[in-house]
């Protein structure tokens, strides 16, 4: 007959539980339960049965066991002597020294939302997420933190998240009026990702955003300039500063994003081949963009005899920043009498709209805008109102 000695951390009696309740919670089974010094102990038989089968000739095997009963539970170290064969076991339980120990899920105890957010951001950086994505997650989680107050992440329940998402903090835009459905969906996505990380990292026992679903809403139409607005914009650019003319014309004719344009260096431009190497694209990608012949002359003149340095610089000789570029574009739109759209992204939407209008080819539109998925380009395949009227005879 083999005898296996097993040392395990087991639960001590908590809040008046008797030996029978504790034994039932821990599984009972072949070993049943025993009472030692007024402390009930239940031991799951199958753990030791496996140990007896796996190590028939060994006398000491260390195992840890125990079930969380409250935020902190009291445990004691026991020696369990198991005699017999699997399926017919007997146990004698002897206590050693009683010691307090935290629950197995105490990693996030006393962790505030801001601390968890710092850990989340570090993980996003380790995963190679873009600064834009990280910044958006940070803003949305801090919006929750301001609304919910001084709370630990392990205390937040799914009801708290639901109340936040239906509150004016999410429902109302900062400038007044209702927040766009797509913007509210972005907040939902941020919270889902944040709390999934918090749970997976062991900072909370459950994921309070596990029930959150994105609202169903249609994709907004492209914010493209009309042909008349485009003509007025180009006229203002022709009369403006060379740097602004080259920057915004390049964006208008190639569809590149502002961040990609400002990240260009002189050596990234090959005017003879009509190509620009984008080193700073969404999701950290690199790609080559074709430059139309109509803007190559202005681009060559702007570069001059420079062989390096940023393509677009501020007055201080540093790389032009996004805030300054966006402010310059706002002034240009104002000078052109354009108030229907705002932001430099309308230049990218304008190119996508023109390419689809001229070709009717959604795959070509996808290639022009360097979308990874053709689904991203489908927004340009909306029915043109004038063509619809002609088709209907309206």
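Among the residues that make up the range 276-289, is at least one of them under 17 Å from residue 349 (Cα atoms) and assigned to a strand (DSSP E or B)?
Among the residues of the range 276-289, at least one is under 17 Å from residue 349 (Cα atoms) and assigned to a strand (DSSP E or B), which makes the answer yes.
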Considering only residues that are part of a helix (DSSP H, G or I) and surrounded by fewer than 19 Cβ atoms within 10 Å (Cβ to Cβ), look in the range 336-361 and name the one that is nearest to the chain's Cα centre (by Cα). 345
Of (1) within 24 Å of residue 124 (Cα to Cα); (2) touching a helix residue (DSSP H, G or I) at 6+ places or on another chain (Cβ under 8 Å); (3) surrounded by fewer than 19 Cβ atoms within 10 Å (Cβ to Cβ), residue 190 satisfies every one except (3)
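Inside the range 164-179, can you point out the residues that are out of contact with any helix residue (DSSP H, G or I) (no Cβ under 9 Å at 6 or more places or on another chain) and assigned to a loop (DSSP other than H, G, I, E, B)?
Those that are out of contact with any helix residue (DSSP H, G or I) (no Cβ under 9 Å at 6 or more places or on another chain) and assigned to a loop (DSSP other than H, G, I, E, B): 166, 174, 175, 176, 177.
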For the range 362-380, give me each residue that is part of a loop (DSSP other than H, G, I, E, B) and closer than 23 Å to residue 233 by Cβ. 370
Yes or no: the range 259-269 includes at least one residue that is in a helix (DSSP H, G or I), at pLDDT below 95, at positive phi and in the same structural domain as residue 235 (by TED's automatic domain parsing). no
Step by step: first the residues of the range 133-162, then only those that are more than 16 Å from residue 121 (Cα to Cα) and in contact with a strand residue (DSSP E or B) (Cβ under 9 Å, 6 or more places away or on another chain), then the one that is surrounded by the fewest Cβ atoms within 10 Å (Cβ to Cβ). Which residue is that? 150
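The values are calculated or read from the model by the stated rules, or taken from the named source; none is laboratory data. In this text the structure is predicted, and so the values were computed from the model without any measurement. Every residue, glycine among them, receives a Cβ derived from its backbone with ideal geometry; neighbour counts consider all protein chains shown.
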